[in-house]
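Trainee: Provided herewith is a single structure, encoded as structure tokens, for subsequent inquiry.
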Amino acid sequence: MRESFPACRLRGRVRLADRIWRWIWTWRLRPLPSQRTRAPHLTDTVSTDLSTFSGHGGKLIFYHGLSDPWFSPLDTLGYYERLGKVSDWSRLYLVPGMGHCQGGVATLDRFDALTAVVDWVEKGVAPDSITATGKAFPGRSRPLCAYPKYARYKGQGDTEDAKNFECRE
């Protein structure tokens, strides 16, 4: 069990938030012993065996905000790396400044992962990058690069335009 939820340390709300986290862990997240023994494959949240999914042509896009106060992006990254060689059927995009699922003071959190995965499945075009925009920086766009690549300015053109960036490893 987790001792303390990291986001609870913000703004002095330690006691209430820790109590809430402990309640959630105790009553909602932790599987009952009977569930673990009856259906371990359904309650194992860290299993990396997605061979059935990928074997049937499944494509999977993960994304995670690097400023997520609830779940560490390092957990998602660790899970993705434990999957092994998945570049044929999976991509991970780490979104700078984005909080939990969306938002953030300084982020480009508007991007279309659905079209990217549909094109991958239906047209066979794997998304090496997805263009992101956001209300935090009107007129700015950046490529979200598939992990382990990152966006780097090419050195020419408008720095507010994603087409002037490339994904590098």
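The values are calculated or read from the model by the stated rules, or taken from the named source; none is laboratory data. Keep in mind it's a predicted model, so treat the numbers as computed, not measured. Every residue, glycine among them, receives a Cβ derived from its backbone with ideal geometry; neighbour counts consider all protein chains shown.
Trainee: Is it true that Ser141 is of a type in the set (Gly, Ala, Ser), in contact with a Pro (Cβ under 7 Å, 6 or more places away or on another chain) and surrounded by 11 or more Cβ atoms within 10 Å (Cβ to Cβ)?
Mentor: It is false that Ser141 is of a type in the set (Gly, Ala, Ser), in contact with a Pro (Cβ under 7 Å, 6 or more places away or on another chain) and surrounded by 11 or more Cβ atoms within 10 Å (Cβ to Cβ).
Trainee: If you scan region 66-86, which residues turn out to be under 21 Å from Val121 (Cβ atoms) and surrounded by 13 or more Cβ atoms within 10 Å (Cβ to Cβ)?
Mentor: Those that are under 21 Å from Val121 (Cβ atoms) and surrounded by 13 or more Cβ atoms within 10 Å (Cβ to Cβ): Tyr80, Leu83, Val86.
Trainee: Looking at Leu77, Leu42, which is the one that is assigned to a helix (DSSP H, G or I), among the aliphatic types (A, V, I, L, M) and modelled with pLDDT of 85 or more?
Mentor: Numbers: Leu42 fails: modelled with pLDDT of 85 or more.
Exactly one of Leu77, Leu42 is assigned to a helix (DSSP H, G or I), among the aliphatic types (A, V, I, L, M) and modelled with pLDDT of 85 or more, namely Leu77.
Trainee: Being modelled with pLDDT under 85 and part of a loop (DSSP other than H, G, I, E, B): is that true of Pro69 here?
Mentor: no
Trainee: Inspect all residues belonging to region 128-144 and state whether any of them is closer than 28 Å to Asp49 by Cα and of a type in the set (D, E, K, R). Write out each step before concluding.
Mentor: Narrowing region 128-144 to residues closer than 28 Å to Asp49 by Cα: 128-130, 144.
Restricting the remaining residues to those that are of a type in the set (D, E, K, R) gives 128.
Checked against the condition, which is being closer than 28 Å to Asp49 by Cα and of a type in the set (D, E, K, R), region 128-144 yields at least one hit.
Trainee: Regarding region 119-126, can at least one residue be identified that is assigned to a loop (DSSP other than H, G, I, E, B) and either touching a residue at least 12 places away in the same chain (Cβ under 8 Å) or in contact with a Cys (Cβ under 9 Å, 6 or more places away or on another chain) (or both)?
Mentor: So far as region 119-126 goes, yes, one or more of its residues are assigned to a loop (DSSP other than H, G, I, E, B) and either touching a residue at least 12 places away in the same chain (Cβ under 8 Å) or in contact with a Cys (Cβ under 9 Å, 6 or more places away or on another chain) (or both).
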